[in-house]
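Below is one structure, written out as structure tokens, with a few remarks after it.
Each reported figure results from applying straightforward, stated rules to the coordinates on display, with no laboratory input. Everything quoted here is computed from the prediction, not taken from an experiment. Note that each Cβ is placed from the backbone with ideal geometry, even for glycine, and that neighbours are counted across all protein chains shown.
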Amino acid sequence: MFTALLTFKKNVDTTLTDGSSFNASMQTSPASMINQYKFEEDADTKDIFVTVDNPESHVTAIETYITYRVMTKTTRSEFDSSEFEVRRRYQDFLWLKGRLEEAHPTLIAHPLPEKFVVKGMVERFNEDFIETRRRALHRFLNKIAEHPIFSSSEDFKIFLTAASGELTSHKKQGPGFLSRMGDTVKAVAAAVRGVRNRPQEFTEMQEYVEAFSQKISSLDKVTQRIVREQKEYLEELKECGPTYALWSQSEEELAEPLKNVAGCVDRCCKETEEQVKNLSDHLIPVLHEYVLCADTLKAVLRRRDNIQADFEAKTEALATKKADRDTMRNDLDKAEDRLEWANNALKSDWTRWQKVMRTDLRSAFVDTAERNVSYYEKCLAVWESFLHSQRTDAEGNGKVDFS
Amino acid sequence: MADSGSEDIAVIGNTDLTPSESENNLKNTMVEKGTSLLKKMEISVAEAEKRTGKNAVNMQETYTVYLIEMRPVDAASEGTNPVPDSLWRRYSEFELLRNYLLVTYPFLVVPPLPEKRAEFVWHKLSADNMDPDFVERRRVGLENFLLRVASHPDLSTDKIFYSFLTEENGWKETVFETGFQAKADSRLKALNATFRVKNPDKRFAEMKHYGDELQSVISQLLRVRARAADRLYGVYKVHGNYGRVFSEWSAIEKEMGDGLQSAGHHMDAYAASVDDILEEEEHYADQMKEYLFYADALRAVCRKHELTQYELEMAAQDLTSKKQQREELATGTIRTFSLKGVTSKLFGQETPEQREAKLKMLETQIEEGEELVKERNAECEEFVKSAWVDIERFKEQKDHDLREALISYAIMQISMCKKGIQVWNNAKECFSKM
């Protein structure tokens with residue numbers, strides 16, 4: 001990838017060998033190229049739609065696993081057709097994410113749902129778990145599709161379109177294990193060295209990410225606690241209705257209002273149950289994803305630091321060593337480009353990410369507030385109908401003066 | 001439901017009540033006005049105070065006294081405001097009054113006192129008798145008790161009750177002078193003993209059964225409600241954490257900051273609102289509790305009726321056996337086995353004089369026995385008549401009061417929902433500015 005970029009820089013060759021297509025009339029510097037991507041994000045220009053649904057379990061001799069149907073509709077010219085339907089398993093999503101991060105270490109990819117912490121075989125195929133995962137995978141792919149750079153990735157295209165066999169063989173073609181090892185070793189070495197002169201803006205970013213991570217984790221925990229408390233409230237409330245109903249059996253005049261109250265309490269129970277489900281299905285997944293996002297941001301900042309550390313190390317090496325100066329100078333140039341590229345990519349994507357985060361969290365909280373209003377409105381209606389029934393009852397019997 | 005001239009002030013239709021209006025409504029809907037005492041006087045338990053003093057075993061104790069105020073009804077309408085008659089009473093004196101009424105009017109469903117110790121508490125409610133909230137709720141309960149008694153057609157005319165309200169000193173002695181304690185002790189013994197009635201009155205048996213069911217179901221309701229209240233408290237309070245975190249988060253954001261900050265305030269308001277909500281619900285719980293204790297009073301009447309009937313049956317049985325003895329003595333036939341009969345057979349008959357003397361004694365006893373049976377029969381009839389009138393009165397009162405309680409519960413829920421709608425709409429607005 002980086003070799004291709006260098007070619008781009010030196011030869012003003014606008015076609016990158018990995019197949020991603022960039023506008024040929026663009027300017028040449030990586031920075032301005034990145035800047036191009038901060039633009040049109042409105043729905044009108046959305047030219048690719050991806051859905052993840054229809055989980056199915058597959059049983060083989062070795063294992064049992066779930067696949068999901070991934071459907072794509074697109075008008076993009078680089079796709080051979082306008083509709084695709086493939087089946088993918090979680091591993092495949094992991095692979096895609098890994099490839100995207102490798103290709104763009106300082107771009108911010110939306111998190112995947114976590115791997116299942118093994119509690120037992122059975123739980124992995126629990127309906128709720130699968131549904132929650134499916135929704136998260138759906139969001140993941142959509143975020144990738146909405147990302148100006150990621151969505152142009154060849155790996156992404158293959159993920160969406162290739163038949164299973166094709167995908168498997170493509171996976172095998174990627175940089176080998178050993179080469180990945182090499183990169184990792186270098187990264188670790190760089191990490192050990194540490195960064196000397198981190199630009200202020202990245203330090204500020206890090207501070208923000210730390211704080212954000214804490215806050216969003218707190219919100220996640222608070223919301224989970226609310227769900228727990230509501231579930232416990234629901235358990236107690238569920239006993240109230242039947243108690244009123246039992247009482248009505250001993251009464252004559254009071255039987256009707258008591259039965260009525262029992263019915264009202266039961267209806268409120270149902271509404272409370274639904275409200276709890278809404279919190280779990282809508283707000284918690286979003287908060288949870290942004291907790292993972294915070295981790296992603298930390299990783300991105302670390303990778304950027306490593307790239308800078310690598311550059312700094314090479315600069316130092318050139319200054320101190322005497323032999324192989326030409327190779328070293330070459331390496332240094334590459335490292336410098338890499339760093340510039342990484343920094344600019346991160347800066348642009350950071351702005352984009354903040355916008356997306358703001359939109360996502362705002363709509364999640366607005367949605368939650370709306371659902372809460374709706375919950376109270378429904379309960380209100382229940383009790384008002386009770387009052388109404390007592391009113392018409394009493395007025396009919398001339399019992400109570402309502403004036 | 002017969003309207004006995006009561007002026008129930010409407011609770012329904014007005015869902016926005018101030019706390020004092022609400023309390024007034026509670027009072028008025030729970031108690032029928034229009035019986036003799038309350039027509040003339042307004043009674044209230046206005047205040048509570050802590051006192052310390054020496055108790056029966058000469059040890060220091062702290063207790064609470066309650067101020068009972070009486071003012072003539074006319075004064076309010078005339079516009080004058082004379083100083084009310086007032087005196088202080090403690091809970092044990094109320095208990096003494098009630099015990100007196102229970103013994104003196106066993107055929108009446110005597111209004112209950114508020115609970116001696118806090119039960120059905122949930123974590124925020126204190127079980128401590130000295131806790132100010134408990135004292136306040138007790139004050140309201142004691143006032144309610146006095147109003148109930150004062151509006152009862154029979155109880156309101158009782159002299160001891162009247163002097164309870166008017167004579168601070170020496171009242172206790174007056175009560176003891178009535179000798180009700182002796183009656184109380186013997187009654188208590190009798191009631192605690194197990195006895196079997198041969199021909200139980202079906203109506204009373206059903207009433208007693210109803211009393212049992214009512215007590216059981218209201219206890220259950222109070223328990224369940226207290227637990228639910230505890231949980232609801234938790235739900236609301238946790239939202240306060242949103243307030244804190246939103247506030248902290250807003251500090252690191254630029255455009256999102258304001259929206260977050262103000263949303264946080266609404267979350268704090270939401271968390272705080274539960275205190276008022278649950279305080280109102282305690283009112284409702286207290287109304288239910290009153291009828292929980294009323295159920296006990298109802299059962300007591302049925303039990304006392306059983307006792308009365310049993311005593312009648314015993315007297316009748318005794319009379320029958322005495323009559324039989326007389327017959328045997330007169331005709332010389334022994335129908336019933338008696339040791340005297342056997343010994344006389346073995347050791348010789350008694351002299352005619354002895355027999356004469358015995359017969360005479362039996363005649364007297366039979367006469368007395370017939371008087372007793374007549375008395376007891378009249379007593380029983382009187383009891384049944386009076387008790388049944390009061391039970392009917394109680395039934396109507398109960399149906400009315402509990403229906404009003406259910407309605408006020410619905411109003412409370414509506415108020416809670418309205419508050420919720422308001423808070424979350426406000427929060428939504430703030431969130432959309434994020």
I want to check the label-to-label distance for B:LYS374 and A:ASP337. Put each point 7 Å from Cα in the C-beta direction and report it in nm to one decimal.
13.0 nm
Compute the separation of the alpha-carbon centres of region B:346-413 and region A:311-330 and state it in Å as a whole number.
117 Å
Once Rh is set to the Kirkwood radius over Cα pairs, what Stokes-Einstein translational diffusion coefficient, in µm²/s, holds for region A:193-394 at a temperature of 10 °C and a viscosity of 1.306 mPa s?
72 µm²/s
Just want the ordering: B:ARG231, A:ARG358, A:ARG196, from fewest to most Cβ atoms lying within 10 Å of their own Cβ.
A:ARG196, A:ARG358, B:ARG231
Between A:HIS282, A:CYS268, A:SER248, whose Cα lies farthest towards the positive end of the dipole of region A:248-295 when Lys and Arg beta carbons carry +1 and Asp and Glu beta carbons carry -1, centred on the Cα centre?
A:HIS282
Say each of B:VAL121 and B:GLU95 gets a label point 7 Å from the Cα, pointing the same way as Cα to Cβ; how far apart are those two points in nm?
1.8 nm
Virtual spin-label span in nm between B:ASN425 and A:HIS388, 7 Å along Cα→Cβ:
1.9 nm
Taking r as the C-beta separation of A:GLU207 and A:ASP47 and R0 as 41 Å, the FRET efficiency to the nearest 0.05 is 0.65
Past the 22 Å Cα-Cα mark, which pairs from B:LYS323/B:LYS374; A:LYS157/A:LYS298; B:LYS39/B:LYS289?
A:LYS157/A:LYS298; B:LYS39/B:LYS289
Would you order A:TYR208, B:TYR242 from fewest to most other beta-carbon atoms within 10 Å of each residue's own beta-carbon?
A:TYR208, B:TYR242
Sorted by Cβ neighbour density within 10 Å, fewest at the top, the residues B:PHE164, B:PHE94:
B:PHE94, B:PHE164
First select every other residue whose beta carbon is under 9 angstrom from the beta carbon of A:CYS240; then total the charges, Lys and Arg +1, Asp and Glu -1.
-1
13 Å beta-carbon shell around A:TYR376, net charge (K/R +1, D/E -1)
0
If R0 = 30 Å, then B:GLU136 and B:ALA182, at their Cβ-Cβ distance, give a FRET efficiency to the nearest 0.05 of 0.20
Peptide-level mean, for A:234-243, of C-beta atoms on other protein chains within 10 Å
5
Taking only the alpha-carbon positions of region A:45-174 as identical scatterers, the Debye log10 I(q)/I(0) at q = 0.19 Å⁻¹ comes out as -1.15
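Among B:152-158, B:253-259, B:176-182, what's the highest-first ranking by average C-beta atoms within 10 angstrom per residue? Present the calculation step by step, with values, prior to reporting the outcome.
Details: B:152-158: 17.9, B:253-259: 16.1, B:176-182: 12.7.
The densest-packed peptide leads the list: B:152-158, B:253-259, B:176-182.
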Roughly speaking, what is the centre-to-centre gap between region A:351-388 and region B:108-169 when only Cα atoms are used, to the nearest Å?
45 Å
